[in-house]
Amino acid sequence: MEVHADVDGSGVPLAVLLKRELCNQKVEKPDILFGEANKSKKGEDFTLLMAKCHRSPGEGEGEGAAAAGGGQNAGDDDTISVFAIFDGHNGSAAAIYTRENLINNVLAAIPPNLTSEEWTAALPRALVAGFVKTDKDFQTKAARSGTTVTFVIIDGWVVTVASVGDSRCILESAEGTVYFLSADHRLDANEEEVERVTASGGEVGRINIAGGAGIGPLRCWPGGLCLSRSIGDTDVGEFIVPVPHVKQVKLSNAGGRLVIASDGVWDALHFQEALNYTRGLPAEAAANRIVKEAVTSKGLRDDTTCIVVDILPPEKLSPPLKRHGKGGIIALFRRRPSDEMSEDQMDRGCLEPDVVEEIYEEGSAMLAQRLNINYPAGNMFKLHDCAVCQLEMKPGEGISVHGTMPKHSRVDPWGGPFLCSSCQVKKEAMEGKLHSRSTDVYSEPITFFYTG
């Protein structure tokens, strides 16, 4: 049968149109390959590995429900991939509870029946709500442990990372450029967080033994925690908040490699060292190599955990290779060019230029700022549901995240989102409004006197 070159009237050969359509189908979803490695010292590191997870929360509670939502029978069009590290401290209860409940709390905060673009736009806000709800619910367990969280959701070529604490996630593009996708919430590394903690009623200083010079890292008192954000840690104070830093990027269809690791790795290895050790290795071997080198470098001083995730063009089952001499460290993301791919580029395998596009980034600890996002659609949150815990409220019961009750006992869609009374108390506590202590910045070291 004869095929005419301009059968669609556009003047573009049909063969090219078919090739473009094939390309669009081929690169719609990447292949996700992953590996994990761990050396345990305290038994407080936990991971979540879900190559396929439904976008709606699972039935019931716990990791079993999440796993049911992410089984191998999940349809590819309705699935995401979820990878996370929970580095517990002062016990493992917070890490285990967060591992079992966070994913469902996040997914429950996303309204149903959204388009793909709307779902991506709703995810950062849902992550904030899910983190805060998980922390609030854990407080009822009367446990004093806490956990860092580095939580990665992969939806097609879009990668979203939410983080509290000092576990980290880095991305190496196929070209070899490195991007930092998480934040460091160690007090030593974040002056803004020191100011926030002290303004909310916390005290920050180093350990001082019998009047000598302060030693060790900056800590928050009471409790002596080195971090300004975590889930749990109820004995330290509400000024240690669970509100995550969130960064969302879109990869080109050339793909890339994620390295997610606890501080046991990053205290021993520079990020570039870690990436160099993984060069040319598949994901599982790369994770094992990173953990081995970290332990060899510093000894097994802490739980040391690493997850490596390869995001690859379909059917390309080898790890991304670095093009030597063209890589670098990117602090500010490059925007994706608006130009379409040329036919010549498509002929060479349908790959886009290796550019990582920043979609979203926010690290504020203020709930009013993090939950008050202007969505493209007006129904992106349920007007009568608490924006954090999803409790259904009657009109007039909700309290605006801006701190005011709706006028005339009616929910004002322009005054929301809204919180239930218990989530409003949580919000005020995190902002230091329930704290009776002075908000003056504490800068003197903490002194301990030993008499024995």
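The values are calculated or read from the model by the stated rules, or taken from the named source; none is laboratory data. As the structure is a prediction and not an experimental result, all values here were calculated from the model. Ideal geometry is used to build each Cβ from the backbone, glycine not excepted, and the neighbour counts take in all protein chains shown. With ligands, DNA and RNA removed, areas are computed over all heavy atoms of the protein, side chains included. Shrake-Rupley method; radii C 1.70, N 1.55, O 1.52, S 1.80 Å.
Results, tabulated for the structure shown:
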{"read-out": "Any chance Q369 is open to solvent by 20 Å² or more (accessible area, probe 1.4 Å), modelled with pLDDT of 65 or more and among the polar types (S, T, N, Q)", "value": "yes"}
{"read-out": "Scan of region 154-207 for residues that are assigned to a strand (DSSP E or B), modelled with pLDDT under 90 and touching an Asp or Glu at 6+ places or on another chain (Cβ under 8 Å), ordered by number", "value": "G205"}
{"read-out": "Single condition H54 does not satisfy, out of (1) at pLDDT below 95; (2) open to solvent by 60 Å² or more (accessible area, probe 1.4 Å); (3) not hydroxyl-bearing (S, T, Y)", "value": "(2)"}
{"read-out": "Of all residues in region 377-424 being in contact with a Leu (Cβ under 9 Å, 6 or more places away or on another chain), open to solvent by 20 Å² or more (accessible area, probe 1.4 Å) and outside any loop (DSSP other than H, G, I, E, B), the one that is modelled with the highest pLDDT", "value": "S422"}
{"read-out": "Test for A285: is it in a helix (DSSP H, G or I), in contact with a strand residue (DSSP E or B) (Cβ under 8 Å, 6 or more places away or on another chain), open to solvent by 10 Å² or more (accessible area, probe 1.4 Å) and small (G, A, S)", "value": "yes"}
{"read-out": "Residue list for region 193-220, filter: in contact with a Phe, Trp or Tyr (Cβ under 8 Å, 6 or more places away or on another chain), surrounded by fewer than 21 Cβ atoms within 10 Å (Cβ to Cβ) and closer than 17 Å to H89 by Cβ", "value": "I207"}
{"read-out": "Region 141-158 residues that are over 15 Å from I96 (Cβ atoms), paired with ones that are open to solvent by 10 Å² or more (accessible area, probe 1.4 Å) and basic (K, R) (beta carbon under 7 Å, 6 or more apart)", "value": "T150/R168; G156/K29; W157/K250; V158/K250"}
{"read-out": "Enumeration of residues in region 257-267 that are touching a helix residue (DSSP H, G or I) at 6+ places or on another chain (Cβ under 7 Å), within 15 Å of H89 (Cβ to Cβ) and surrounded by 23 or more Cβ atoms within 10 Å (Cβ to Cβ)", "value": "G264"}
{"read-out": "Pair list, Cβ under 9 Å, 6 or more apart: region 260-284 residue farther than 19 Å from A174 by Cβ, other residue aromatic (F, W, Y) and open to solvent by less than 70 Å² (accessible area, probe 1.4 Å)", "value": "S262/F86; L269/Y277"}
{"read-out": "Where V308 falls short, out of the listed (1) at pLDDT 95 or above; (2) touching a His at 6+ places or on another chain (Cβ under 8 Å); (3) of a type outside the set (G, A, S)", "value": "(2)"}
{"read-out": "Members of region 240-256 that are open to solvent by 10 Å² or more (accessible area, probe 1.4 Å) and over 13 Å from A183 (Cα atoms)", "value": "K250, A254"}
